[in-house]
Each structure stands twice: as C-alpha cells, then as structure tokens.
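**Student:** The structure under discussion is supplied below as structure tokens; questions concerning it will follow.
Read-outs: derived from the displayed coordinates by stated rules, not from any lab. In this text the structure is predicted, and so the values were computed from the model without any measurement. Quick reminder, even Gly has a Cβ in these numbers, built from the backbone with ideal geometry, and neighbours come from all protein chains shown.
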Amino acid sequence: MDPLRGDIREMKPDPIALTGVRFLGRQALDFTAEAGRMGIFLAASVGWLLLPPYRFSLLLRQMLFVGAGSLSIVLLTGLFTGMVLALQGFYTLQKFGSEGLLGPAVALSLVRELGPVLTALVVAGRAGSAMAAEIGIMVITEQVDALQSMAVNPIHRLLAGVLAFPLLGSLFNVVGIFGGYLVGVQLLGLSAGTYFGEMEAKMDLADIVGGAEKSLVFGLLVTWICCYKGYTCGHGAEGVGRATTSAVVLSSVMILVGDYFLTSVLF
C-alpha cells in the first residue's frame, strides 16, 4: 500500500457533497416530472379543443376576458413605452447625427421585441393570474368535474389567449409608435415626414410577421402555464394563492427565455 495514498477502502464520502448531489438529483427529477405533466396537459387540452361540441360563444367570452379586459392597461403601457423610446432614442441618435432614424428605431424596437414581450408580461399579470385563480377555485370546489360533464371545459382559455395576444400586441405597437410621434415630432421638433418616411423605408414584412409569431407563442405559453397551475393547485385558499403566484412568475420567466430563442430563430 502506498503510504501517500492511503487505503482507498478507508476513504469516506463527504456528507456535504452527497447532500448537494442528492439535492441536484431531486431537483432534476422534479423538473423532468413537472415538464412531463405539463406536456401531457397541453396535449390533452389540444385534443379536447378538437372534439365536438364546439362552443364558440364560450371561446368569444374568454377572448373578451383576455383581450378586451386587458386592453386599457396594454394601451397605456404601449403609449408610455413608445414615448420613453423616442425620448431616449432621440438623444442617443443625436450624438451620432442620426436623428432622422428615430422613427425606424422606435418602430423596430416595438414590433420586434418590446411589443410582444411587454404585452405578454402585462396580460400574464392581469389575465393570467385571474385565470389561474379562477380555475384553482373551481378545482377546490369540485366545479371542474361538473363543467366537464356538461362539455363546458375551461380549457377554451388556451385558444382564446393564443388568438387575443397578437391582436393586443398589434394595438400595443400602434399606440407605441403614436407615443413616439408625440415625443419625437411634437415635443422634440423632428419632421413628421422624416419620422414616418424612414420608418416605412427601414421596416419590412418580416419584422411584422416575426413579432406576430412571438405573440402567438407567448399567448400559448401564458395560457398553458396559467391553466396548468390552476388545475394542479393545492388545497384551500393557500393552494390557490401559491398556484397564482407560481403561474405569473413562471409565465414571466418563460416569456423572457422564449423571447431570446425566438429572436435567434426568427430574425
């Protein structure tokens, strides 16, 4: 036996290291199981939406809740986002003598990134949290089984969110561009022709389509996560509260993570 190495049989594993390995393994298993359950939930939801009877009135009601109910906060956020973009962008471009590019700078920032992302975050905080809480209350009061027996499944929210998000994102972009016009043209003195002319010259259809595709994906993510968290909430008011908080946090994180990967693919 090498005295410098010692007897390998006498070496004992570090309990701290083993605890860390167990913790990481447990977290990896929990994450994999949760991802699998969410995938099964999404597949079942899509399958349910394809089965008759088709209740379009329920779909329109959910679109009204997700879309029209969030319209005021989306428009207000879009207006001030465009104004801030124009204010900061003007002074930045002025350092390079490129004030005339303010229009496309505001429009591209809104259409490609800020419009879909901020719309999704705002709607997730407003409608997504309410969606998770409402479904959670239905679960703990055993209303979901009764609704399913009448073929009225709350999962119609999934499709409603997918359809409503691109519409809200488009309105966000329009109002944001108008806010940029108010600051850039009316306040800072940029020519209106330059503002809109450069915007038309620098933007193309791919930018608009890419932003719309992002909104579709974010709509699916938010409604999917919020519906899943509501359906799998714990018992009592505490379980509904945890499910609502978890739905908003996870939706926000997935929006930001998904935005990076979508940007790398679409643009």
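**Student:** Ignoring everything except DSSP H segments at least 4 long, calculate the 222 nm mean residue ellipticity for the chain; use -39,500 (n - 2.57) per segment, divide by total residues, nearest 500.
**Tutor:** Computed ellipticity for the chain at 222 nm equals -25500 deg cm²/dmol.
**Student:** Averaging over every viewing direction, what projected area does the convex hull of the Cα atoms of the chain cover, in nm²?
**Tutor:** Mean orientational projected area (the chain, Cα hull): 23.0 nm².
**Student:** Go through 68-79, 194-205, 106-117, 27-38 and give me the packing order, highest mean Cβ count within 10 Å leading.
**Tutor:** Ranking, from highest mean packing down: 106-117, 68-79, 194-205, 27-38.
**Student:** While we're looking at this one, here's another question. So how strong a dipole does the chain carry about its Cα centre when Lys and Arg Cβ are +1 and Asp and Glu Cβ are -1, to the nearest 20 debye?
**Tutor:** Around 320 debye, computed over the chain.
**Student:** Roughly how large, in nm² to one decimal, is the mean projection of the convex hull of the alpha-carbon atoms in the range 160-241?
**Tutor:** Orientation-averaged projected area of the Cα hull: 7.7 nm².
**Student:** Please name whichever of Val209, Val74, Gly258 sits farthest to the positive end of the charge dipole of the range 55-266, dipole taken about the Cα centre and charges placed at Cβ: Lys and Arg +1, Asp and Glu -1.
**Tutor:** The residue sitting most towards the positive pole is Val74.
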